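Written below as structure tokens is the structure these notes are about.
Bear in mind that the values in this text are calculations on the coordinates, not laboratory data. Everything numeric in this text was worked out from a predicted model, so none of it was measured. No Cβ is skipped: glycine too gets one built from the backbone with ideal geometry, and neighbour counts run over all protein chains shown.
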Amino acid sequence: MNIGDVLSLYDRDERQDTEEMGMRREVAPGVVRLVDTQGTQSAIVYSELDETTADAVIEREIRHFTGLGHVLEWKLFGHDRPQGLHQRLVDRGFAAEERESVMVLDLGQVPPALLRPVPATVRRIRTPAELKDVTKVREAVWPGQHPWLEERIAYILRTDPQRMSVYAVYDGDEPVSAGRIHFPAMSRFASIWGGATLPDRRGRGFYTALLAARVQEAIGRQVRYLTIDAGAMSRPIVEKLGFREITWAQAHVYASDGRV
């Protein structure tokens, strides 16, 4: 896998041309926006700025989304320009979250560990009513984080379930691990999100089984690449299973009223 070539495809498919359920894509000078049509959690997913334009565009986007009453997440990537864009955002009041590694698996080169039969303990969540099990895991791992997320996932499951699959792993009747996979329209990439396992159940293969279910679905749907924004905990696991880093990503969040 050529990292430079894959990064160029990623920028095009997943940032410049991206679409997401419940979001309206807008192109403004220097940026691509995803404007939340179901709530108030909007984002800038691509920027093409330089030293002479960056500050003015940042100010314009703050005014635009503050006027809408939306929280704005500006997702910065390691190869974005100009240098120092991170500091410009922080200086203007954006709260920077932890950097994550953007990692890619070529689905034509999947290791055997991810191709083994998925155990019956991994179940597909098909209706919004079943999301309580996913929320239970997420709240145990990241308490209070993104309280709006369950409704966003439920909206996609109701309106276009082909765009997202949600899975939970059970130990007996108890959900112990959960995560989802997104299938953007007209993209060579699928992306996995929200993978989490209860702290006292880690090291028992639940996360790998969850990952295998999503990898195998992506292969079955003839996707070329699978991506993950991997934090410090998940990066060593997915790296051992063939994922390679192509860049880093860091969310910067602006909320004039303190919401997240």
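Based on DSSP H runs of at least 4 residues, each adding -39500 (n - 2.57), what is the mean residue ellipticity at 222 nm of the chain after dividing by all its residues, to the nearest 500 deg cm²/dmol? Mind dumping the intermediate values first?
On the way: 7 runs with 73 residues, N = 260.
Calculated at 222 nm, the ellipticity per residue is -8500 deg cm²/dmol.
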Amide N proximity, the range 97-125 versus GLN145 label position 7 Å along Cα-to-Cβ, cut-off under 12 Å: 97-100
Residues in the range 161-202 that a label on THR37 would reach, taking backbone N under 19 Å of a point 7 Å out along Cα→Cβ: 161-164, 183-187
Stretched fully, the stretch from ILE3 through GLU239 gains (0.36 nm per residue minus C-alpha distance, one decimal, in nm) 83.5 nm
Modelled label-to-label distance, ARG15 and ALA185, 7 Å Cα→beta-carbon offset: nm? 2.3
What residue among TRP148, TRP74, TRP193 shows peak mean-square fluctuation when the chain is described by a Gaussian network model with Cα springs under 10 Å? TRP148
Taking θ as phi - 60°, what are the ³J(HN,Hα) couplings along the range 80-97 by the Karplus curve (6.51, -1.76, 1.60), each to the nearest whole Hz, with x for Gly and Pro? 6, 10, x, 4, x, 4, 3, 5, 4, 5, 4, 4, 8, x, 6, 8, 8, 8
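Kirkwood hydrodynamic radius for the chain: how many Å is it when counted over pairs of different Cα atoms? Let's see the in-between values first.
On the way: mean 1/r = 0.0523 Å⁻¹.
It is 19.1 Å.
What is the dipole size for the chain, taken about its Cα centre, with +1 at each Lys and Arg Cβ and -1 at each Asp and Glu Cβ, in debye to the nearest 20?
Values: 34 positive and 37 negative charges, 163 e Å.
My answer is approximately 780 debye.
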Net length gained if the chain between ARG221 and GLU174 were fully extended (0.36 nm per residue, minus Cα distance): 14.0 nm
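Hey, what does the equivalent ellipsoid look like for the range 109-223, semi-axes from the Cα gyration tensor as sqrt of 5 times each eigenvalue, largest first, whole Å? If you can, show how the numbers build up before the last one.
Numbers: eigenvalues 85, 76, 28 Å².
Each semi-axis is the square root of five times an eigenvalue, giving 21, 19, 12 Å.
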Lys/Arg +1, Asp/Glu -1 at C-beta; the chain dipole; positive extreme among VAL71, VAL118, ILE219: VAL118
Förster-model FRET efficiency, 41 Å R0, THR121 and ALA56, C-beta, rounded to 0.05: 0.20
Separation of the range 24-94 and the range 100-114 by C-alpha centroid, Å? 30
Per residue of the range 34-49, what does 6.51 cos²θ - 1.76 cosθ + 1.60 with θ = phi - 60° give for ³J(HN,Hα)? Whole Hz please, x for Gly and Pro, Karplus curve as stated. 10, 9, 5, 9, 10, x, 9, 10, 9, 8, 10, 10, 8, 9, 9, 10
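Taking the Cα centre as origin and putting +1 on Lys and Arg beta-carbons and -1 on Asp and Glu beta-carbons, what dipole magnitude results for the range 159-233, to the nearest 20 debye? It would help to have the intermediate numbers written out before the result.
Values: 9 positive and 7 negative charges, 74 e Å.
So the dipole magnitude of the range 159-233 works out to roughly 360 debye.
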